[in-house]
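Here is the structure we will look at.
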Amino acid sequence: MQPLTNRAKNVDRRPMTLAERAYLPAILKGMGITFSHLFKKKPTIQYPEEKRPFSQVFRGLHVLNRDEEGRERCTACGLCAVACPAEAITMEAAERQEGEENLYREEKYAAKYEINMLRCIFCGLCEEACPKDAIYLSETFAPANYDRKGFIYGKNDLLIPNPLTDREAYEQAAGGRVRQPVAGR
Amino acid sequence: MISTLLAMQMDWALVLEKFLLIVVVVSVSLGFAMYSTYAERKVAAALQDRSGPNRFGWFGLLQPVADAIKLFSKEDIIPNKANKVLFVMGPGLAMLAALMTSAVIPWGDKIVLGGREISLQIADLNIGMLYVFAVVALGVYGVMIGGWSSNNKFSLLAAIRGASQNISYELAMGLSLIALLFVTGSLSLKDIVVGQQTNGWNILYQPLGFLIFIVCAFAECNRTPFDLPEAENELNFGYHQEYSSMKLGFYLFAEYINMFISSVIMATLYFGGYDIPFFNEAASSLHPNILALMGFGALMAKTVFFVFVFMWVRWTIPRFRYDQLMNLGWKSLIPLALFNMLITGAVVLYLQNGWPKF
């Protein structure tokens, strides 16, 4: 029969030699192999202390972005929800009241914004759809939880810390992925 | 009557001394077994390029404590249809048989305390090796009773396998030891060690015998490649399937104590026991206590090496099939041991009497 690949090897069916039947040479050889592994470098990453760097294009948990004055950028237009193939995003819009100009960038804002992390497939289409640079996928992922409700992330889970009051936490959450607010944009 | 009582009173110091020695030996065995579980994980990890337990204590050194706490806090289940008396007795028997062997092992030479010479051996029986054999044979009862009384067919199958394996390999082990007895001329373990101090280690005279002995020791301890009694993928978990909590812990622990004791016996019989290599104990001017301590250290070093070999083999060789196991035992090891015995006997006779005149 024609072999399908050039990697095929015939099985050696010759009767075993005395050395092979005595087991011991083969066992000693095997023990040599395992012993050499004592001196090999361990590939283990000691997880909580040491973290594996993510790829440049890793898509993790979402963050809702703020602008340079700490105002929420989201206007609850619903494009992300429409773009979402897993239908993980729901939101409710509200009108900005007098005196809330320092909270919301536009006249309309998302009063409720929820992403169901059990539905989300982290495709990043919401990020692409957003016309206001309001939603980004970060470098972290959803931690384990005890019940399903815990995976529905609301606004307080998603919103990035205010860059005016807590610059450090903001930088950390942004992590080089979120586009830094540019003045006058 | 009174004279006997007086004589007994004279011996209170001896009784106390032996009692203390027993306590020390048993706790050392238990402590060693405890850390063998840790060492097994670490060795397994190292051989497989992993890091092993390293969270609890420095380098995970407190891991055995965590395991003990876990085992103690588990629910202790006795199956409804189990034979309750035997079910409880099984792990105890396994543990007892494992610990009893340590009584005849010379852990070192004597130490001197307040002008009193204390031998570091619980009992120097003149039939020491026969005693070891008798106790090792008792170990089968732990497996057999545990497997039978739990009223589970997998446990029973495993127990039958374990019992037949132990009995088969005891024969070859005994035959390999008879050849050793030809060389040493004594059954007392102390005499065997003293003989090795003057004549050189027995491994030089009995390499084949040692090979047979170590293979049989692996089989007696139910260690891989002969761990058929607890073959997880064939028998779920083996003869201790129905056990939980510390009863299971006893079985697992007894296995490690067995491993420790067989390592000590191998070191004692073939590798000079507490003899320090390339060092003449009799001619040295060191204090006998320091010598005894060094000797104990030498014995422990050899033991640790053998325990490592046990683990090393476990993570190298896959399990034998049952028919392969029996073939190896009955068709290879027993004839080999007989051959070894005959050759040794002939050589010993030749050395004693010269070439026979017909």
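Where a number appears in this text, it was derived from the coordinates with a stated rule and is not lab data. As the structure is a computational prediction, the values presented were derived from the model and not from experiment. Positions of Cβ are generated from backbone atoms using ideal geometry, with glycine treated the same way; all protein chains shown enter the neighbour counts.
A few points about this structure:
- Given R0 = 60 Å, the distance between the Cβ atoms of B:Lys84 and A:Glu69 translates into a calculated FRET efficiency of 0.20.
- Peptide packing for B:295-302, A:147-154 was compared via the average number of neighbouring C-beta atoms within 10 Å per residue; ordered from the highest value, the list is B:295-302, A:147-154.
- Charged-residue dipole, Cβ positions (Lys, Arg, Asp, Glu), the protein assembly as shown about Cα centre, Debye nearest 20: 1640 debye
- Taking label positions 7 Å along the Cα-Cβ direction at both A:Glu49 and A:Asn116, the computed distance is 4.1 nm, reported to one decimal.
- In order through region A:30-47: 3J(HN,Hα) via Karplus (6.51 cos²θ - 1.76 cosθ + 1.60), integer Hz, x for Gly, Pro: x, 5, x, 5, 5, 5, 5, 6, 4, 9, 8, 6, 7, x, 4, 10, 6, 3
- Theoretical FRET efficiency, 1/(1+(r/R0)^6), r = Cβ-Cβ of B:Glu17 and B:Asn280, R0 25 Å, to 0.05: 0.35
- A simple charge model with +1 on the Cβ of Lys and Arg, -1 on the Cβ of Asp and Glu and nothing else charged puts the dipole of region A:14-113 at about 1520 debye relative to its Cα centre.
- For region B:83-158, the relative contact order works out to 42 percent when only alpha carbon pairs closer than 8 Å and six or more residues apart are counted.
- Region A:62-174 - charge dipole about Cα centre, Lys and Arg +1 at Cβ, Asp and Glu -1, debye rounded to 20: 420 debye
- Region B:178-239 and region A:130-164 have Cα centres separated by 63 Å.
- Positive-pole candidate from B:Ser29, B:Leu325, B:Ala46, dipole of the protein assembly as shown, charges at beta carbon: B:Leu325
- Here the relative contact order of chain B, from alpha carbon pairs under 8 Å that lie six or more residues apart, stands at 23 percent.
- Shown here for region A:1-95: GluC sites (Glu not before Pro) in loop regions (DSSP other than H, G, I, E, B) with at most 16 other Cβ atoms within 10 Å, namely A:Glu49, A:Glu50, A:Glu68, A:Glu69, A:Glu87.
- Counting neighbouring beta carbons within 10 Å and listing from fewest to most, the residues B:Tyr131, A:Tyr47, A:Tyr113, B:Tyr270 come out as A:Tyr47, B:Tyr131, B:Tyr270, A:Tyr113.
- The modelled label-to-label distance between A:Ala26 and A:Arg7, using points 7 Å beyond Cα along the C-beta direction, is 2.4 nm.
- Taking amide H atoms as placed 1.01 Å from N in the peptide plane, the amide H of A:Ala93 lies under 5 Å from those of A:Ala111, each 5 or more residues away in sequence or on another chain.
- Across region B:214-358, Cα pairs under 8 Å and at least six residues apart give a relative contact order of 28 percent.
- Highest average packing first - B:194-205, B:83-94, B:144-155, Cβ atoms within 10 Å: B:144-155, B:83-94, B:194-205
- Helical runs assigned H by DSSP (4 residues or longer) give the protein assembly as shown a calculated mean residue ellipticity at 222 nm of -16500 deg cm²/dmol, each run adding -39500 (n - 2.57) before division by the residue total.
- Separation between Cα centres of region B:305-358 and region B:31-93, rounded to whole Å: 33 Å
- Counting Cβ atoms of other protein chains within 10 Å of each residue's Cβ and taking the mean over peptide A:27-40 gives 4.
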